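Q: Sending over a structure as structure tokens; questions will come in a sec.
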Amino acid sequence: MDPTAWNCWGNLVGNLMSVHREEEAIQAMRAMQRADAASKTTHPLSSAYANGYMEIQDWTRYFEVLQDDARTVAGGSAAAITINPSLAEAEARRHDWREASRYMSLSNPQEPFVTPTGWLVDALKAMDAGDHGRMIALLEPFDNMWVEDGDFAFTYIDSPCCLATPMA
């Protein structure tokens with residue numbers, strides 16, 4: 001692989017994550033970081049690192065990458081609206097409920113993953129409050145969607161882990 005094929009690196013990390021080869025995904029991200037540091041010609045957009053930050057659960061960097069992507073790629077327009085659910089999830093994982101709610105409110109309800117992302121955000125808030133019953137009630141339809149929708153399963157590869165948490 002061309003060591004400066006940044007989109008390929010980012011996709012490789014995401015694809016390894018989607019087939020539950022997490023360790024290899026992290027190794028690929030580290031290799032991309034080394035290639036970036038060694039490159040004297042080109043460097044990736046920060047969005048190339050999004051999958052890796054999600055894999056290692058660095059929600060602050062993931063959030064920053066998403067914001068940068070919305071500004072750089074979309075000029076803050078249509079893609080920013082599409083990216084709002086992801087920003088909301090990142091904020092929820094950082095326990096910033098006010099910002100998570102704000103980004104959900106900015107989301108287009110017609111986008112396919114807005115409703116289930118809202119379930120996830122609310123479930124994470126319920127977990128933070130120790131309300132496991134509410135968390136399960138919110139994550140059961142989330143998990144059902146994961147089982148039924150391949151695109152959703154690819155996007156939310158850790159859905160079974162989310163539901164298992166309050167059941168443990």
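The values are calculated or read from the model by the stated rules, or taken from the named source; none is laboratory data. Everything numeric in this text was worked out from a predicted model, so none of it was measured. We place every Cβ from the backbone using ideal geometry, glycine too, and count neighbours over all the protein chains shown.
Q: Of everything in segment 13-46, what is more than 19 Å from GLN57 (Cβ to Cβ), aliphatic (A, V, I, L, M) and out of contact with any Pro (no Cβ under 8 Å at 6 or more places or on another chain)? Give them in sequence order.
A: Passing the criteria: ALA31, ALA37, LEU45.
Q: Can you tell me which condition ALA100 does not meet? The list is (1) assigned to a helix (DSSP H, G or I); (2) of a type outside the set (D, E, K, R); (3) modelled with pLDDT under 85, and all the others hold.
A: Unmet condition: (3).
Q: Go through (1) at pLDDT 85 or above; (2) of a type outside the set (Val, Ile, Thr); (3) over 23 Å from GLU140 (Cα atoms) and name the single condition GLU89 misses.
A: All conditions are met except number (3).
Q: For segment 1-42: of the residues being aliphatic (A, V, I, L, M) and closer than 23 Å to PHE152 by Cβ, which is surrounded by the fewest Cβ atoms within 10 Å (Cβ to Cβ)? Let's see the steps before the verdict.
A: Applying the first criterion (aliphatic (A, V, I, L, M)) to segment 1-42 yields 1, 5, 12-13, 16-17, 19, 25-26, 28-29, 31-32, 35, 37-38.
Narrowing the set further to residues that are closer than 23 Å to PHE152 by Cβ leaves 12-13, 16-17, 19, 25.
Numbers: LEU12: 20, VAL13: 27, LEU16: 21, MET17: 22, VAL19: 11, ALA25: 23.
For segment 1-42, the residue satisfying everything is VAL19.
Q: Can you confirm whether ALA137 is surrounded by fewer than 21 Cβ atoms within 10 Å (Cβ to Cβ) and modelled with pLDDT of 90 or more? Walk me through it before giving the result.
A: Details: surrounded by fewer than 21 Cβ atoms within 10 Å (Cβ to Cβ): yes; modelled with pLDDT of 90 or more: yes.
Yes: the conditions hold for ALA137.
Q: Only residues that are in a helix (DSSP H, G or I) and in contact (Cβ under 8 Å) with a residue 60 or more places away in the chain: list them for segment 16-32, please. Even if it seems obvious, please write down each step before you answer.
A: Taking segment 16-32 as the starting set, the residues that turn out to be in a helix (DSSP H, G or I) are 16-18, 22-32.
MET17, SER18 - these are the residues of segment 16-32 that are in a helix (DSSP H, G or I) and in contact (Cβ under 8 Å) with a residue 60 or more places away in the chain.
Q: Can you confirm whether segment 23-32 contains a residue that is of a type in the set (A, V, I, L, M, F, W, C) and at pLDDT 90 or above? Talk me through it step by step, then tell me what you get.
A: Start the filter on segment 23-32 by keeping residues that are of a type in the set (A, V, I, L, M, F, W, C), which leaves 25-26, 28-29, 31-32.
Still in the list and also at pLDDT 90 or above: none.
No, segment 23-32 has no match at all.
Q: In segment 36-59, what residues are part of a helix (DSSP H, G or I) and of a type in the set (Gly, Ala, Ser)?
A: We begin by selecting, within segment 36-59, every residue part of a helix (DSSP H, G or I); these are 36-38, 46-55, 59.
Across segment 36-59, the qualifying residues are ALA37, ALA38, SER46, SER47, ALA48, ALA50, GLY52.
A quick yes/no check of all residues on (1) assigned to a loop (DSSP other than H, G, I, E, B); (2) at pLDDT 85 or above; (3) out of contact with any helix residue (DSSP H, G or I) (no Cβ under 7 Å at 6 or more places or on another chain):
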| position | (1), (2), (3) |
| --- | --- |
| MET1 | yes, no, no |
| GLY14 | no, no, no |
| ARG34 | no, yes, yes |
| ARG61 | no, yes, no |
| HIS95 | yes, yes, no |
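Q: Of all residues in segment 48-60, which are crowded, with 18+ Cβ neighbours inside 10 Å and over 16 Å from SER18 (Cβ atoms)? Walk me through how you get there before you give the answer.
A: If we filter segment 48-60 for residues that are crowded, with 18+ Cβ neighbours inside 10 Å, which is where we start, we get 48-55, 59.
Passing the criteria: ALA48, TYR49, TRP59.
Q: Okay, moving on. In the set TYR53, TYR49, which member is at pLDDT below 90, closer than 16 Å to TYR156 by Cα and not basic (Lys, Arg)?
A: On the way: TYR49 fails: closer than 16 Å to TYR156 by Cα.
TYR53 is the lone residue from the list that is at pLDDT below 90, closer than 16 Å to TYR156 by Cα and not basic (Lys, Arg).
Q: Would you check if ALA79 is modelled with pLDDT of 85 or more and either closer than 16 Å to TRP6 by Cβ or not in a loop (DSSP other than H, G, I, E, B) (or both)? Working first, answer last.
A: Values: modelled with pLDDT of 85 or more: no; either closer than 16 Å to TRP6 by Cβ or not in a loop (DSSP other than H, G, I, E, B) (or both): yes.
No.
Q: Further, regarding this structure: Of the residues SER107, SER101, only one is among the small types (Gly, Ala, Ser), more than 23 Å from GLY52 (Cα to Cα) and buried (at least 21 other Cβ atoms within 10 Å of the Cβ); which?
A: Details: SER101 fails: buried (at least 21 other Cβ atoms within 10 Å of the Cβ).
Every option except SER107 fails the conditions.
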